[in-house]
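The values are calculated or read from the model by the stated rules, or taken from the named source; none is laboratory data. Just so you know, these numbers come straight off a predicted model, no measurement behind them. For neighbour counting, all protein chains shown are included, and Cβ atoms are generated from backbone atoms with ideal geometry for every residue, glycine included. For accessibility, only protein heavy atoms count, side chains too; no ligands or nucleic acids. Shrake-Rupley method; radii C 1.70, N 1.55, O 1.52, S 1.80 Å.
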Amino acid sequence: MTLDKKSMLSATLSNYIHLIIKIISSLVLVRIMFLGMEQESYGFWALLWSIFGYSVLLEFGLGTTIQKKSAEFMAADNLAGISSLFSTYFFVYIMISLVIVTSTVLISWNLESLFMIKETSKLEEYSRTLLIFGLGSAAAFSLGFSAEILKGLHKLKIRNYINTFFVLLNALLLWGCIVLDQPLYVLAFIAVCIQFLNNFTFLIILKLHIPNLKISSKLINLSDVRNSMQFSLSAYLVMFSNIIIFRTDQIVISAVAGVSYAGFYQIASRVAELLRQFATQFHESLSTKAAMLHCTNDKEELSTLLISSNKIVSAITSTIFIPLFILIEPLLYLWLDLKDEQTVYTAQILLVSMYVLVVFRSSMVQVLLMNGLHVQLMKIGLLEASSNIILSIILVKEYGMIGAAIGTLIPNVLLALFYNIPVALKYSSTHMRTYIKEYLLPLFISFSTALYLGYLLQDFITPDSILKLMLNGSIIVLLFASLYALLAFKKELKLS
């Protein structure tokens, strides 16, 4: 089986459609629930999602392993291997689900002592809600591996269609519960049923796609899990180091500069996080393709993939980054009536840091991770995380929350220059000259031109209203997209 550029782009487009629908429905649902529920009840509901949201960390990177192996089996047309993979990780995920069940029971027994609950009359309702939510989440988690296999088989469009349907169904049913003033445990029951049905549908799709797929205790291969643990744990620690990098700055700011600054920093970081979400939807297709090329050891195709994927990712990222960077000050003012200069500068630094991460590192990481360099990436991730914390502590004392942003930027830039770019180019047998000529030069010319003209544009169209802000941003996007398409994608344009 092969994976062409058209199917990769089509899958990425479906990722974006799902992401946009999910964000919009989430914003609407949060507003309905926040206004329609009592304050403490809503707080407990948010707490449930926070607690069980960390259950993803219990898989210890196994999801990435499943995705990688599924892609390799697809490339080798090894359906028997997928059956063994299916049976093995079904057993493993059930074992992890039992951990979630045990944790749920223990928390429910100690609910009053663990959390400060003012309305003690609702303690029984909260306890029942927690049990339903936790047990249901465990049941849904036990089938979570099926989504990872679908990723590896590059059935992303089908996965996105299913996810989108259940996102909308969840929002509709929970809205109905709020209108009918249902108790919290009813909302919990509906939410976990939706999660379970979502994953169960993935299971059905998997069986339909592979009719000969078998699940049997005889196919369980725990030695494969042991052999894969180094990769799984490395991928896990790469993910965990990113959590440290993006989540600890607010803790450092609260401890060193004061809690009041943490709120402003969160606003600044939210803008950068939005950039990351929209810019990395191509990576699922990229990682699957990279794993397949690792299986066939096709270095020439890997080099082509590296350059083309970098072009696509940088096109998406730059299109969002340039107007955000230029217009961040009026955007914060029109959105939140915020005029704080320190917040504006912090947001711009974090945007630059996120741009470097996505454009010059993240695609490289996907290629290297799926090609066996996971141990190196783990060490680099832990080095970056520790460097970020140390620099942030030092710089926050001197420069406040701007210092925390600088502490994130410095190791990010250094690792891009001295690790990610050179190592990925060397591994994929891509010449630096090719990388500069086909990728960096077109990007630099398009980026700097659009940035300069974007700043000049503000003298003609002052972004002092939402309409003018959108007009200004649209012109900047059009400038960059047109120029970058001509310079970076001229071969593709000629072929079309």
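Couplings for region 136-142, taken from phi via the Karplus curve 6.51 cos²θ - 1.76 cosθ + 1.60 with θ = phi - 60°, read x, 5, 5, 5, 5, 4, 4 Hz in order; Gly and Pro are left as x.
Annotation: amide H of Ser142 has no partner in the under-5 Å range at sequence separation 5 or more or interchain, hydrogens built in the peptide plane. Here the 3J(HN,Hα) profile of region 87-96, calculated from phi with Karplus coefficients 6.51, -1.76 and 1.60 at θ = phi - 60°, is 5, 5, 7, 5, 5, 5, 5, 5, 4, 5 Hz, Gly and Pro shown as x. The charge dipole of region 386-496, taken about its Cα centre with unit charges on the Cβ of Lys, Arg, Asp and Glu (plus for the first two, minus for the last two), comes to roughly 460 debye. A 1.4 Å probe run over the protein chains yields, for region 116-209, 46 Å² of accessible area per residue, whole-number rounding.
Of the listed pairs Lys151/Lys311; Lys155/Lys426; Lys151/Lys207; Lys339/Lys468; Lys22/Lys339, which have alpha-carbon separations greater than 20 Å here? Cα-Cα > 20 Å for Lys151/Lys311; Lys155/Lys426; Lys22/Lys339; rest within.
Give the distance, in whole Å, between the Cα centre of region 304-331 and the Cα centre of region 109-172. Comparing the Cα centres of region 304-331 and region 109-172, I get a distance of 33 Å. Between Ser137, Asn163, Leu111, the Cα set farthest toward the positive side of the dipole of region 81-177 (charges on each charged residue's Cβ, about the Cα centre) is that of Asn163. Annotation: extensible slack from Lys379 through Tyr455 equals 23.4 nm (criterion: 0.36 nm per residue apart, minus Cα-Cα distance). Put Arg361, Arg276 in order of accessible area, highest first, and with a 1.4 Å probe you get Arg276, Arg361.
Putting +1 on Lys and Arg Cβ atoms and -1 on Asp and Glu Cβ atoms, find which of Tyr427, Leu483, Ser465 reaches farthest to the positive end of the dipole of region 420-496. Highest projection toward the positive end goes to Tyr427. With a/c under 1.5 counting as rounded, go ahead and sort region 78-217 into rounded, prolate or oblate using the C-alpha gyration tensor (a ≥ b ≥ c being the square roots of the eigenvalues; past the cut-off, prolate if a/b is larger than b/c, else oblate). In terms of gyration-tensor shape, oblate.
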